[in-house]
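Where a number appears in this text, it was derived from the coordinates with a stated rule and is not lab data. Here the structure is a predicted model, which is why all the values come from computation and not from measurement. All Cβ positions, glycine included, derive from the backbone under ideal geometry; neighbour counts span all protein chains shown.
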Amino acid sequence: PAAIYLKDYKVPPFLIDKTELTFELDESTTVVTSKLHMRRNPTSTENTAPLVLDGGEDVKLIAVAMDDYVLPEGEYQLVDNQLVITATADNFILTCETLIEPQNNTKLEGLYRSSSMFCTQCEAEGFRHITYYLDRPDVMSVFTTTIIADNEQYPVMLSNGNEIERTQTEEGKTAVVWHDPFPKPAYLFALVAGNLEVKNDTFVTQSQREVKLQIFTEAHNIDKVDYAMEALKRSMRWDEEVYGREYDLDIFMIVAVDDFNMGAMENKGLNIFNSSCLLASPETTTDDSYLRVEAIVAHEYFHNWSGNRVTCRDWFQLSLKEGFTVFRDQTFSADMHSATVKRVEDVSFLKTAQFAEDAGPMAHPVRPASFIEISNFYTLTVYEKGAEIVRMIHTLLGAENFRKGSDLYFERHDGQAVTCDDFVAAMEAASGVDLTQFKRWYSQAGTPQVRVIGEYDESQQSYTLRLHQDTPATPGQPTKLPSHIPVRVGLLDQAGNPLSASLDGQSANEHLLELSQAEQVFEFTQVSSKPVPSLLRGFSAPVKLSYEYSSTDLLLLLSADQDGFNRWSAGQQLAVNELSQLIEQAVAGQTLSLESQLINGFNSLLVDDSLDPAMVALILNLPSQAYLSELASEIHPNAIKQARQYLKAQIANALESEFAQTYQAHRLDGEYRPDAQDIAHRSLKNLALSYWLETDSAEAKLAVVEQFESANNMTDQFAALSIAVHADHPQATQMLDAFYQQWQDEPLVVNKWLMLSAGREQENAIDNMKSLMEHEAFDLKNPNKVRSLLGGFGQNISAFHHVDGSGYRFLADQILVLDKRNPQIASRLCTPLTRWKKMTPSLSTLMKAELERIMADQLSKDVYEVISKSLA
Ligand code: B3K
Ligand code: ZN
């Protein structure tokens, strides 16, 4: 398979002003007729280029006509799934009749079946699996879609825009016509047909237009959409208030489907959601999932402006819509709940998963320069690091100028397909800030490392911060240029009070340093005593910052920093320092021993009632196995696991009564509410329980079972269960069985059970995996189940990283099977194996052998790209 390059971009030689589609839906063969109103693109220099339409191996061409002339064979060619017509007029209507088989579509791209319904997924290049088309985002067209189907079986038939006509055909079928007045690329096309229930609501926009809101699900799920509906209305209001963006159509629909490759899709006026990202009820949904539903509903809704009204010129610009929209949904969630908690969660995820991606074989710039398969580039880098770039622009410009920039961006480019450069240009024009160097964030891969040295001069009352940056080499980018890095800094005195300082004549408690050189010195004056610096507040840039803090400094920041984010960060750093020593001991085969400094720090957090319990829980949560692996220069999975267990047990034993008390103090009575306050109490209570159980106290063991049995919500029930499973509670097996019995008819809950079961560390874990794959609860066709089971297995340290290689072999076997069915899912499952170079040599060799075994097979472009780059 060959790569395609950003530098080869050319405007499309043809445009499609109008697209008229007719679908005759049928369980065996669906007939698609398209009428494309085409013309040569006046801005293209390729005046005589042939017309080349994208198709797929699964699309069967029956007839093609130009205006009324049916093209005989010989006047068109089918080459590499493309339809090529050499002789064309400047203006014409191209009619194509194609056959597709949605029921055999296992890739879940294009038109496919999910349980009893028809649905679509067209981003990025799925539309070509429906019919021949100019399947690229810079071809925007006005769509009219006719759906013809049996009314009994498919009473609900939906597409983008407004329903404009409903008639009966002579064969007794129903024909429904939808028209979307907004020109859009084919990736935003959607169609749904099924026997669905609907929940209706309305939203009145800021200009007093009434919008009809509808959420569709299969009948048994319609009682679980209220939360998503409320979240949708909150998102619509927020986008008006914060960005001045109003919804444009008269109707907004969301449909939940069970089989979906990712979270959700922002199709114009007709969002399609993985049911796991839409449905919510107290009994079946955890707090985390509630927050996820809200964030994803908001994210997809926000795309209506950042993505749909203004879309991407080409797929290299994917972060134009994704980075911006993630930033928007992060800010929305921060406004709905606690901003600091949200920031800690987002940064923790970024530093764990995106940093690992940026340091691995798949590292790529936020705006990639090339790809083999675009589906592989819906990455943490494009999404999360892309959002950090937008956040840094917000920081550098200030909120007011940022809003002006966003207004200008939408004003300039409404209805267009544009680039990341266009976005930055609007931000520059509205603010007067020069972002020339800043744009390197889009083109350079890798995480910049910033080293900081501080020096206090008592006689001068001055404090110097010396910052040095460099970015490690990444595949295809051996050398890097300095980035423009905003570093928010505050100073604390030795008692933890904010220390005012003057920088460039500005006296303040906090300063924004703009690091743009490889090395730069910042000189603060009027510093009345020796400070402890609080660096990179709020994680103001996605960099790895290092500073030689003493444990005393870190404890001071942990207890007193004004910046809540940095309090968390100091706690993590302290824990990382201690864990690193323990990991070294474990690697050397020594008995672990350490006097943890964390105990006192944690103790004062636990007894301080003035703190947000959610923040306390986040700080007390030790750095994860995955984060410690990212930090390691050589990964020893079992040593990391051992070190974490040792430290957790030591803290638990030292603070046993505090944890027991905290557990009791944060129990809630009354009805379940997924609001910030209650979520905070539950998170601290359950964290306390997990520590408490480490002490081997009989009371704690009882409390776990009692909570599991009496909880009135899934958060508490599942927390008790997972604590029991991970701590190998004597009743863990019984609890797992009881949980499955109780929830076997709720697929989303069963998926949680699958994940926990797969992650359970036990002797015969591989046999357990094999029987789970045979279990009635599992289904290889359903991406959620595959992700739960194999994702859960990846967390199973002793089994996945078994020294005999059986864990890696098991995963590789599944990847090979899945690649034949669903390449996108198979490709995602490769991620843990792409880390092979960082593993300790014995494991590294085993992982590499599995990559080579996969490589030897006949592979999809998706898996080929990931595996070949990993081995390169
Ligand atoms: N834009 C979609 C992702 C499509 C992924 C295609 N492989 C969801 C989102 O980011 O909102
Ligand atoms: Zn998105």
Determine the dipole magnitude for segment 139-199: charges of +1 sit on the beta-carbon of Lys and Arg, -1 on that of Asp and Glu, nothing else is charged, the reference point is the Cα centre, and the result goes in debye to the nearest 20.
280 debye
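For segment 4-302, give the magnitude of the charge dipole about the Cα centre (Cβ charges: +1 Lys/Arg, -1 Asp/Glu; no others), in debye to the nearest 20.
Values: 24 positive and 51 negative charges, 140 e Å.
Computed about the Cα centre, the dipole is about 680 debye.
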Each label sits 7 Å from Cα toward the beta-carbon; between residue 698 and residue 349 the label points are separated, in nm, by 4.3 nm
Take every DSSP beta bridge with both residues inside segment 4-302 and express the antiparallel ones as a percent of the total, to the nearest 5.
80 percent
For residue 251, enumerate residues with amide H under 5 Å from its amide H, sequence gap 5+ or separate chain, H modeled in the peptide plane.
212
Which listed residue (132, 82, 236) has the Cα farthest towards the positive end of the charge dipole for the chain, taking +1 on Lys and Arg C-beta and -1 on Asp and Glu C-beta about the Cα centre?
82
What number, rounded to the nearest 500 deg cm²/dmol, is the helix-based mean residue ellipticity at 222 nm of the chain, given -39500 (n - 2.57) per DSSP H run of at least four residues and division by all its residues?
-12500 deg cm²/dmol
Among 773, 327, 867 - extreme Cα towards positive end, dipole of the chain, charges at beta-carbon
867
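Calculate how many DSSP beta bridges within segment 314-546 are antiparallel, expressed in % of all such bridges and rounded to the nearest 5.
If we restrict to bridges inside segment 314-546, about 90 percent are antiparallel.
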Length-normalised contact order of segment 314-546, Cα under 8 Å, at least 6 apart, in percent, tallies to 20 percent
Segment 734-751-segment 52-120 distance, computed between alpha-carbon centres (Å)
44 Å
Using +1 on the beta carbon of Lys and Arg, -1 on that of Asp and Glu, and nothing else charged, what's the dipole of the chain about the Cα centre, debye to 20?
1700 debye
Report, by chain and number, residues whose modeled amide H sits under 5 Å from the one on residue 485, excluding near sequence neighbours (fewer than 5 apart, same chain).
515, 516
Quickly work out the residue 763-to-residue 43 label distance, labels modelled 7 Å from Cα along the C-beta direction, and quote it in nm with one decimal.
6.9 nm
Using Cα centres only, tell me the gap between segment 561-584 and segment 830-851 in whole Å.
28 Å
Please report Rg (one decimal) and Dmax (integer) in Å for the Cα set of segment 638-682.
15.0, 43
Over all pairs of different Cα atoms in the chain, the reciprocal of the mean inverse distance gives a Kirkwood radius in Å of 29.0 Å
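Is the shape of segment 590-652 rounded, prolate or oblate, going by the alpha carbon gyration tensor and its root eigenvalues a ≥ b ≥ c, with a/c under 1.5 for rounded and a/b larger than b/c for prolate? Write down the numbers at each step before the final one.
Details: a/c = 3.24, a/b = 1.71, b/c = 1.90.
Oblate, because a/c is 1.5 or more while a/b does not exceed b/c.
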Under Karplus coefficients 6.51, -1.76 and 1.60, residue-wise ³J(HN,Hα) of segment 100-106 in Hz, glycine/proline x:
9, 10, x, 5, 9, 7, 8
Within straight cross-link reach of residue 701, meaning Cα distance under 12 Å, which aspartates and glutamates are found once same-chain residues fewer than 8 apart are removed?
728
For 837, 173, order by how many other beta-carbon atoms lie within 10 Å, fewest first
837, 173
With a cut-off of 8 Å between alpha carbons and a minimum separation of six or more residues, what is the relative contact order of the chain in percent?
8 percent
Can you grab the distance from the C-alpha centre of segment 415-444 to the C-alpha centre of segment 307-324, Å, no decimals?
13 Å
Compute the helix-to-body angle for 386-397: its Cα long axis versus the longest principal axis of the chain, expressed 0 to 90° and rounded to tens.
70 degrees
Quick one: order 620, 78 by neighbouring beta-carbon count within 10 Å, fewest to most.
78, 620
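Any idea what the relative contact order of segment 176-257 is, in percent, if you count C-alpha pairs under 8 Å spaced at least 6 apart?
Numbers: 82 pairs, mean separation 25.1, N = 82.
After rounding, I find 31 percent.
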So the angle from the long Cα axis of helix 783-794 to the longest Cα principal axis of the chain, reported in degrees to the nearest 10, equals 30 degrees
Taking Cα atoms only, helix 861-871 is inclined relative to the longest principal axis of the chain by an angle, in degrees rounded to 10, of 30 degrees
Please report the base-10 log of the normalised intensity I(q)/I(0) for segment 768-845, using a Debye sum with one equal scatterer per alpha carbon and no solvent, at each q in 0.13, 0.22 (1/Å).
-0.38, -1.05
Can you find, among 499, 22, 437, the residue farthest towards the positive end of the dipole of the chain? Put +1 on the C-beta of Lys and Arg, -1 on that of Asp and Glu.
437
Compute log10 of I(q)/I(0) for segment 4-302 with the Debye formula, placing one identical point scatterer on every Cα and leaving out solvent, at q = 0.10, 0.14, 0.16 Å⁻¹, to two decimals.
-0.57, -1.06, -1.31
Could you sort out which of 199/752; 7/184; 385/785; 321/342 sit more than 30 Å apart by Cα distance in this structure?
none
Which of 9, 672 has the fewest Cβ neighbours within 10 Å, and the rest in rising order
9, 672
Interchain or long-range residues, amide H under 5 Å from residue 491's placed H
499, 534
